[in-house]
Each structure stands twice: as structure tokens, then as C-alpha cells.
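Accompanying notes for the structure given below.
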Amino acid sequence: MTDTVTIRRPDDWHLHFRDGDVMREVVPYTARQFARAIVMPNLSPPVTTVELAKAYRERIMAAVPQGVDFTPLMTCYLSDTTDPDDLARGASEGVFTAAKLYPANATTNSAHGVSDVEKIYPVLERMEAEGIVLCVHGEVTSADIDVFDREAAFIERYLRDIVVNFPKLKVVFEHITTSDAVDFVMESGPQVAATITPQHLHINRNAILVGGIQPHNYCLPVAKREEHRLALRKAATSGSPKFFLGTDSAPHLRSAKETSCGCAGIFGAPYALESYITVFDEEDALDTFEGFASLHGPAFYGLPVNEGEVTLERVEHAVPETLPLAGEEIVPWHGGQELGWRFVG
Ligand code: NCD
Ligand code: ZN
């Protein structure tokens with residue numbers, strides 16, 4: 001039995017750092033495991049311009065512990081009024097690595113998102129020409145579509161058209177949760193890829209609703225039926241370069257989760273690699289873990305792979321139920337559970 005696994009230093013291709021005290025305290029969790037991370041721009045107000053992204057990047061860098069090598073990769077929050085020139089300038093200056101499409105009101109802090117995808121077609125045209133990656137939160141937001149169907153509906157209503165109309169545009173279908181999304185990505189060309197979170201590999205929708213409402217298993221897109229979870233596990237461990245690691249770590253304080261209208265988001269950062277490798281181990285696929293965690297993402301984004309390595313070992317350990325954060329507490333993903341793998345460094 002393999003008891004240690006050493007891989008090239010990985011990256012997190014989708015996460016939320018927030019800002020202020022929370023950001024300062026969550027950045028070290030990511031920086032100790034990952035060399036780079038795609039940082040989501042859904043602050044309030046959102047990161048919509050080169051200047052805002054530069055300032056946010058500096059605040060993040062100031063939170064990286066001394067001696068730790070970590071690079072935040074910034075994204076531009078697309079809105080109905082995004083200026084294609086500003087976005088292109090940000091990309092050419094190395095500030096923006098990607099731009100993020102949130103359909104308006106799809107999720108946390110997305111009120112300024114895109115109200116109609118066709119409104120940003122000129123921006124997508126420019127991104128295609130400049131080789132800027134589009135990260136997509138793929139859920140329709142219209143009230144007539146059931147929350148469990150929103151991802152599949154997004155493919156049919158918008159994503160197929162985007163991919164047809166902009167055949168060279170690099171698209172990352174973020175945090176996919178359905179077999180429909182897996183199929184769509186597999187059927188598309190090499191310019192379409194997807195990130196997969198740890199939670200969507202571990203839980204199905206029962207984990208949110210059976211035995212009482214479980215707010216710490218609630219995120220968006222919401223976990224789906226078991227058949228979808230199995231399709232995601234197959235895709236993640238398949239070795240296909242179209243699937244890579246993106247935790248969607250989305251910290252919300254315990255008080256904001258355990259309330260009458262709890263926020264969507266799971267704080268996956270602290271035990272991210274342990275969570276993923278557990279799945280690869282269960283699927284007897286430790287050999288494809290490095291590709292998913294460290295190789296496929298850089299290849300898709302056209303970035304070099306990282307220098308250095310990290311090691312995980314097979315050791316049972318208990319994950320604390322809560323962690324202190326910003327003078328309050330937060331429940332991490334796997335909080336209160338035993339994990340069979342430990343991050344060594
Ligand atoms: C994210 C957040 O809280 O910022 N929440 C979530 O459930 N994933 C937003 C997002 O990525 O949808
Ligand atoms: Zn997210």
C-alpha cells in the first residue's frame with residue numbers, strides 16, 4: 001500500500017479570499033499548500049478594473065507569511081459595463097489571468113454580474129482575440145428553473161452558444177456538479193475545461209438535507225444526486241487534462257452559516273489536498289492525482305508548472321470542528337471528521 005505521495009507543488013484554480021481580517025487569516029491556509037491560486041473577484045464592491053485588481057493583489061501579498069512562495073492570480077469580475085480595453089490592458093500587464101462571468105444574482109456578491117450573456121459578447125470577442133481565459137459560474141438564475149437544474153440549463157441556454165460563437169475562447173466551466181457538465185466538457189474541444197471542488201466529490205445532496213439542515217454542506221452550485229457525484233469522481237480521476245483542481249473555498253463565518261438564511265459557500269482551503277487525495281485513494285487512482293492537482297491547470301492556462309514538491313502521508317487525524325477566524329469562528333470542510341491523509345509539506 002502506498003503510504004506517502006509526493007507531487008509537484010499544486011495550484012488552486014478557483015477560490016475566494018475575501019478581504020480585510022478574514023482575507024489576512026485565510027491566505028496562509030492556501031499559501032502553505034498551493035503555489036498559485038486563481039482568486040475570485042466577488043468582493044463587495046467587486047474587482048472590476050485593473051486598478052482594483054492591483055490593489056487587491058497587494059493586500060493579498062501582504063498577508064502571505066514570510067518565506068512562503070505564493071502568487072495570487074487575479075481575475076476581473078465581468079459586468080454589463082466591462083470595458084474590453086481595460087481588461088485587455090490588465091491581461092497584457094500581467095494583472096489579470098482570467099475574467100469571471102457571474103450571471104447576475106447567481107451567488108454570493110454577484111448582484112453586479114452579467115444580466116444577459118449576449119451583452120458581453122464584445123468583451124468575449126476581445127478575450128478570444130487576446131487569449132484571456134473565461135471562468136464561468138454556470139448556473140441560470142431565472143426563477144422558473146429549479147435550483148438543482150440550474151447548471152444543466154445554463155449549458156443549453158448559454159454555454160453551448162458561447163463555445164460555438166467564440167471557438168478559440170478558453171473557457172473554464174467552474175466547480176461543475178453534474179454529469180451533464182462532465183459530458184459537455186468532454187464533448188467540447190481542448191479550449192473547454194472544468195474545475196472540480198472537493199465537496200462535490202465527497203457529498204451528494206442528501207448531505208445537505210438528511211437528518212436536519214446541514215448548512216456547512218451548502219454551497220453553490222448545490223450538490224446534486226449521487227449519479228452526478230459518481231460522474232465527477234470518474235472525471236477528476238480519469239487523467240483527462242480537461243479537469244483540474246479548484247477548491248471554491250468560500251469562507252463564511254459560522255454565524256453567517258448557522259442562521260435563518262445561511263450563506264452559500266464551504267471553507268475548503270485548510271484541508272484541501274487531504275480532501276482531494278482521499279477521493280483519489282478511494283478510487284484507486286493515486287497515479288492521476290498529480291495531473292489533476294499540479295499539471296492540467298498550468299497546461300490549460302498556458303503557465304509553467306511549479307518548481308518544488310509537496311508530500312502527503314497516510315495518517316489518520318482529526319479535523320477540528322471549528323477554527324478561529326477574525327475574532328469569531330469558522331467551520332472548515334471536514335470539520336469534526338477523521339481524515340486518512342495528512343499534508344506534510
Ligand atoms: C461563493 C462565495 O461565497 O463567494 N459561494 C459558493 O457557494 N461557492 C460564490 C461562488 O463561487 O458561487
Ligand atoms: Zn467560487
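The values are calculated or read from the model by the stated rules, or taken from the named source; none is laboratory data. Model, not experiment: these values are computed from the prediction. Note that each Cβ is placed from the backbone with ideal geometry, even for glycine, and that neighbours are counted across all protein chains shown. Keep in mind that these areas ignore ligands, DNA and RNA; they rest on the heavy atoms of the full protein, side chains included. Shrake-Rupley method; radii C 1.70, N 1.55, O 1.52, S 1.80 Å.
Might you check whether a residue that is under 28 Å from Q214 (Cα atoms), open to solvent by less than 60 Å² (accessible area, probe 1.4 Å) and in contact (Cβ under 8 Å) with a residue 40 or more places away in the chain occurs anywhere in the range 302-311? No, the range 302-311 contains no residue that is under 28 Å from Q214 (Cα atoms), open to solvent by less than 60 Å² (accessible area, probe 1.4 Å) and in contact (Cβ under 8 Å) with a residue 40 or more places away in the chain. One residue stands out among those in the range 2-19 that are farther than 18 Å from V279 by Cα and not in a strand (DSSP E or B): the one that is most open to solvent (accessible area, probe 1.4 Å), which is D19.
Among residues of the range 160-189 that are away from ligand 2 (no atom under 16 Å from the Cβ), those with a Cβ under 6 angstrom from a residue that is among the polar types (S, T, N, Q), sequence gap 6+ or separate chain, pair up as V163/S188; K170/Q191.
Residues L43, L52: which one is within 16 Å of ligand 1 (Cβ to nearest atom), out of contact with any Pro (no Cβ under 6 Å at 6 or more places or on another chain), modelled with pLDDT of 95 or more and within 30 Å of E125 (Cβ to Cβ)?
The unique qualifying residue is L43.
Only residues that are out of contact with any Lys or Arg (no Cβ under 7 Å at 6 or more places or on another chain) and either more than 16 Å from ligand 2 (Cβ to nearest atom) or farther than 28 Å from P10 by Cβ (or both) were counted across the range 210-231, and they come to 11. Considered as a group, the residues in the range 130-140 that are away from ligand 2 (no atom under 13 Å from the Cβ) and touching a Ser or Thr at 6+ places or on another chain (Cβ under 9 Å) include one that is most open to solvent (accessible area, probe 1.4 Å), and that residue is E130.
Search the range 117-142 for residues being among the β-branched types (V, I, T) and under 18 Å from G94 (Cβ atoms), and hand back the single one that is nearest to ligand 1 (Cβ to nearest atom).
Just the residues of the range 117-142 that are among the β-branched types (V, I, T), to begin with: 117, 120, 123, 132-133, 136, 140-141.
Then drop every residue that is not under 18 Å from G94 (Cβ atoms), which leaves 132-133.
On the way: I132: 20, V133: 16 Å.
Once the filter is applied, the top-ranked residue is V133.
Could you list, in sequence order, all residues of the range 251-266 that are out of contact with any Leu (no Cβ under 6 Å at 6 or more places or on another chain), within 10 Å of ligand 2 (Cβ to nearest atom) and open to solvent by 10 Å² or more (accessible area, probe 1.4 Å)? Correct list: empty. Taking the numbered list (1) over 28 Å from P215 (Cα atoms); (2) touching a residue at least 40 places away in the same chain (Cβ under 8 Å); (3) not hydrophobic (A, V, I, L, M, F, W, C) in turn, D284 passes all entries but (2). Checking the structure you have, find out if any residue of the range 272-283 is of a type in the set (D, E, K, R) and farther than 20 Å from F343 by Cα. No, there is no match, as no residue in the range 272-283 is of a type in the set (D, E, K, R) and farther than 20 Å from F343 by Cα. Specify the residue that is farthest from D284 (Cα to Cα); the eligible residues are those in the range 324-345 that are in contact with a strand residue (DSSP E or B) (Cβ under 7 Å, 6 or more places away or on another chain) and open to solvent by less than 20 Å² (accessible area, probe 1.4 Å). So, considering only residues that are in contact with a strand residue (DSSP E or B) (Cβ under 7 Å, 6 or more places away or on another chain) and open to solvent by less than 20 Å² (accessible area, probe 1.4 Å), the one farthest from D284 (Cα to Cα) is I330. Which condition number does M127 fail, the rest of (1) touching a residue at least 12 places away in the same chain (Cβ under 8 Å); (2) open to solvent by 40 Å² or more (accessible area, probe 1.4 Å) being met? With respect to (1) touching a residue at least 12 places away in the same chain (Cβ under 8 Å); (2) open to solvent by 40 Å² or more (accessible area, probe 1.4 Å), M127 is out only on (2). Of the residues making up the range 94-123, those that are polar (S, T, N, Q) and over 15 Å from the mean Cα position of the chain (by Cα) number 4.
Of A98, A106, all but one fail to be surrounded by 18 or more Cβ atoms within 10 Å (Cβ to Cβ), assigned to a strand (DSSP E or B) and within 16 Å of ligand 1 (Cβ to nearest atom); the exception is A98.
So which of S275, S260 ends up being under 17 Å from T30 (Cα atoms) and not basic (K, R)? Write out each step before concluding.
Details: S260 fails: under 17 Å from T30 (Cα atoms).
The unique qualifying residue is S275.
Of the residues making up the range 32-55, those that are out of contact with any Ser or Thr (no Cβ under 6 Å at 6 or more places or on another chain), outside any loop (DSSP other than H, G, I, E, B) and more than 19 Å from H252 (Cα to Cα) are R32, Q33, V50, E51, L52, A53, K54, A55. With respect to the stated conditions, D69 fails to be within 16 Å of ligand 2 (Cβ to nearest atom), farther than 18 Å from P122 by Cα and at pLDDT 95 or above.
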